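Report on the structure given below.
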Amino acid sequence: MKTLEKLFSSLEGRILCYGIMEESYLICIQENEKITECFLLNSIDLQKEGKKGRGKKISPKKFLKTFGKNSIDRLVICQDKLGGFEKRLLPIFIKIAKSKIYLYQVSNVEKTKKRYMRYRGVWKEDGEYINVDLKQKKQNWFMDKIYYIEDSCIDIIDVISDFLIS
């Protein structure tokens, strides 16, 4: 916990946070004066608040339209909150990130490392979080489609193997 709070207090520039719900992290972000703009992207669940209706979800298609290419200095992502959308959101996160992506609560480190290393990111584990440096990133829309198909096939094979094992 302390290393993540140090991370949030040392961030600067425009940052985008995805899936951060802990109060201590939000307080660290508010107290940091080096942050010029902070975008918190969390899904709002109306049923937890006692209201009727569906929760408001954030559309992956609107990310790139809203932020543009290379517009966010740093991204802080809670990997567990991405769920099944990781393969769809990863190319968008790579496009909007200018220099670094910080990941925490990563459940499958090897799979996540493989996905980020496709874009020539420098992978560094710093205690509770993972630092991915994207200064030398390389991205191609055609290869993004191939990676999406490859990841989908791997996910299908994992589901089938889990079914056969159980």
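The values are calculated or read from the model by the stated rules, or taken from the named source; none is laboratory data. Remember, it's a predicted structure, so these values are computed and weren't measured experimentally. Heads up, the Cβs are rebuilt from the backbone with ideal geometry, glycines too, and the neighbour counts pull from every protein chain shown. Calculation scope for accessible area: heavy atoms of the full protein, side chains included, ligands and nucleic acids excluded. Shrake-Rupley method; radii C 1.70, N 1.55, O 1.52, S 1.80 Å.
Structure data summary
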item	result
For the stretch 8-25, Karplus couplings with θ = phi - 60° (6.51, -1.76, 1.60), whole Hz, Gly/Pro x	5, 7, 9, 5, 8, x, 8, 10, 10, 10, 10, x, 8, 10, 6, 5, 5, 5
Among 85, 142, 63: highest mean-square fluctuation, GNM of the chain, C-alpha pairs under 10 Å	142
Answer label for P(r) over Cα pairs in 5 Å bins from 0, in percent (calculated), chosen among (i) 1, 8, 16, 20, 20, 16, 10, 6, 2, 1, 0; (ii) 1, 9, 18, 22, 22, 16, 8, 3, 1, 0; (iii) 1, 7, 13, 13, 10, 8, 8, 8, 8, 8, 6, 5, 3, 1, 0	(i)
Average accessible area per residue (Å²) across the stretch 83-156 - probe 1.4 Å, nucleic acids and ligands excluded	56
Pair residue 149, residue 105: separation of 7 Å Cα→Cβ label points (nm)	3.4
The chain, accessible surface, carbon-and-sulfur percent (1.4 angstrom probe)	55
Structure-based [θ]222 nm, the chain - -39500 (n - 2.57) summed over DSSP H runs of at least 4, per residue, nearest 500	-13500 deg cm²/dmol
Amide proton proximity set for residue 76, modelled H, under 5 Å, gap of 5+	16, 17, 18, 102
Sequence-separation-based contact order of the chain, relative, with Cα cut under 8 Å and 6+ spacing, percent	18
Using θ = phi - 60° and Karplus 6.51 cos²θ - 1.76 cosθ + 1.60, couplings along the stretch 81-92 (whole Hz; Gly, Pro as x)	6, 5, x, x, 8, 4, 5, 7, 7, 4, x, 5
Across 65/114; 87/145; 62/87; 6/114, pairs whose alpha-carbon gap is larger than 21 Å	65/114; 6/114
